[in-house]
Structures are given as structure tokens and as C-alpha cells.
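Structure first, then comments.
The values are calculated or read from the model by the stated rules, or taken from the named source; none is laboratory data. All of these numbers come straight from a predicted model, not from anything done at the bench. All Cβ positions, glycine included, derive from the backbone under ideal geometry; neighbour counts span all protein chains shown. Surface accessibility is based on the protein's heavy atoms, side chains included, excluding ligands, DNA and RNA. Shrake-Rupley method; radii C 1.70, N 1.55, O 1.52, S 1.80 Å.
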Amino acid sequence: RTTLTAGGSVNLTAMGIDAFGNSLGDVTSSTVFTISPTGSCTGSSCTATTVGGYTIGASDGEATGSVIVQVTGGSPAQLSLTADSTSILAGGSVNLTATGTDGFGNFLGDVTSSTSFRISPSGSCTGSSCSATVPGTYTVTGVNGTGTNSLPIQVVPGTLTRIALSPPSPTVSAGGAQTFTVTGYDGYGNSLGDLTSAMSLSIGGGGSCTGDACRSSVSGSHTVTATGAGMTTTATLTVTPGPLVRIT
């Protein structure tokens, strides 16, 4: 019993024995070989392209013999990819599975372990797990043999880890209002957008905040604090004296 890859060939040698058990040596050149259920033989070389068990028969006059051959799938010529998700958080990972078909149409099943994966335009893959930290549309590609295939993956910002007030150090005349914006960021610095409506703003040193606007009638530096989602951030509001209204 022997094994060959689909499309490959096995070379046979026939040794003759007479009725009394005496060796007649190599009779390959006068032996006719056949392979079944499918395939072909040229001289003493036989081949088949479909995965399965085969019998190679040999005949020389009235003498016959046979050998069992197992045909296995070749290297992938076509690759199919599936992902456990088409959208991941920044810093998260997508796990890929690859199945293959050889050049003769034999299904090879799961070939993930022998497939090389990459992700672009940035990011990295470890085995069949790929990751990226910048939001955007990515392409994951698998290569195995001559088979290759790709899938689109969307990376979105991760969970909130930091908030920031802007502008960070504005100046306003006494009594004037300064509007602030609170922006959220994930652990990789990706913006989660405007979170002002979910935050509470306050001003120290005398003054008040209504919604996203803070004011004070006292000149000097004032700390504006934004609080929400278990986080706090600050900005410095400089209040300058207003226009002249009286003299002493």
C-alpha cells in the first residue's frame, strides 16, 4: 500500500515468480499495468486525480498481481475564508478559518493551520488571528499554495478610556460665555466623538456653567471641570476685565 498526491504518479516494479516459487527477477518491461476505478497508466507509471482508494493491477501472460494506492489531495489551488466577525473594536482581533480545494477539485477541508494570513493597510496577524488599532476598513488575506482569498474587516474605535475638554485654555471677557466640547478617546487615541451632552461642566473661582457654556464675572484663571462616565478632565478659562463702565 502506498500514497500519492492527486495528479502525481507512482512508479511500479514487477518481480516475477514461477510456479515453484523461483524468482524470475524484474519483469516490469513485459507487464501491463492498470489503475481503477479511474486514472491512467503509462508503462509502469500510474496516476489519478481524484482523492480515494485505488487498485493498480499488473498482468504478464496469465500471471497477475495488484497493489493498493491511496490518492490524497494536493496543495490548495483555491481558498475560502470565513471570519468570526466582520467588525472588531480597535485592538481586538478577528479569527479566520480557511478551507481549500486543490487543482483537481478535491476538497481539502480545513487548511487554517497551514495558511499564512496578513492584514492591510496596517495591523498584524498571529497565526489565524488578525488585529489593528486604527479605525477603518481593512483587508485580511490568506495564502496557501497557489490559493489566495481576501475578506473586508471593519475596525471601529474601542471603549472609552479618556475624555478631553476643548478648547483647553481659552480667554473670554468678564461676563462672557465660553463654549466647550468634551471629546472621548479609546485606549489607542481614537476619537469616540462629541460626548458633551453626556457630561456635567462646572467652573471654579466664581462662575457658572449652563450646558456646554461657562462664564465668570471675576477676572483671572478659572478651572473648568467636565465629569461623566466615571471620568474627569479640566481646562483653564482665563477671564479678562470687561469694557469700562465706571471710574472711581
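Order these peptides, 143-150, 21-28, by their mean beta-carbon neighbour count within 10 angstrom, highest first.
The peptides rank, most packed first, as 143-150, 21-28.
Quick one: check the C-alpha center-to-center distance for segment 73-123 versus segment 30-59, whole angstrom.
35 Å
For Cα pairs less than 8 Å apart in space and 6+ apart in sequence, what is the mean separation divided by the residue count of the chain, i.e. the relative contact order in percent?
12 percent
For segment 97-163, what's the relative contact order in percent, using C-alpha pairs closer than 8 Å and at least 6 residues apart?
Worked out over segment 97-163, it gives 23 percent.
Please check: in the Gaussian network model of the chain (C-alpha springs, under 10 Å), which one of Ala174, Ala19, Ala48 has the largest mean-square fluctuation.
Taking springs between Cα atoms under 10 Å, the residue moving most is Ala19.
What list of whole percents do you get for P(r) of segment 1-127, with Cα-Cα distances grouped in 5 Å bins up to the one holding the largest distance?
Taking every Cα pair in segment 1-127, the percentages come to 2, 9, 16, 14, 11, 9, 8, 7, 6, 6, 4, 3, 2, 2, 1, 0.
Taking the dipole about the Cα centre of the chain, with the C-beta of Lys and Arg at +1 and of Asp and Glu at -1, give me whichever of Gly16, Gly184, Leu165 is farthest to the positive side.
Checking the options against the dipole of the chain, the answer is Leu165.
Assuming 0.36 nm per residue, please report the length gained on full extension of the stretch Thr179 to Ala213 beyond their Cα-Cα distance.
11.8 nm
Only four residue types carry charge here, +1 at the Cβ of Lys and Arg and -1 at the Cβ of Asp and Glu. Report the dipole size of segment 1-114 about the Cα centre in Debye, rounded to the nearest 20.
200 debye
Please name whichever of Ala48, Gly145, Gly65 sits farthest to the positive end of the charge dipole of segment 1-149, dipole taken about the Cα centre and charges placed at Cβ: Lys and Arg +1, Asp and Glu -1.
Gly145
To the nearest 10 square angstrom, how much accessible area does Ser116 have with a 1.4 angstrom probe?
70 Å²
Evaluate the charge dipole of the chain about its Cα centre and quote only its size in Debye, nearest 20, assuming +1 on the Cβ of each Lys and Arg and -1 on the Cβ of each Asp and Glu.
About 1420 debye.
Put +1 on the Cβ of every Lys and Arg and -1 on every Asp and Glu Cβ in the chain; which of Pro37, Thr99, Ser131 then has its Cα farthest towards the positive end of the dipole?
Value: Ser131.
Starting from the Cα gyration tensor of segment 158-202, multiply each eigenvalue by 5, take the square root, and state the resulting semi-axes largest first in whole Å.
25, 11, 7
Between (i) 60; (ii) 37; (iii) 22, which matches percent of Cα pairs over 31 Å apart calculated for the structure shown?
(i)
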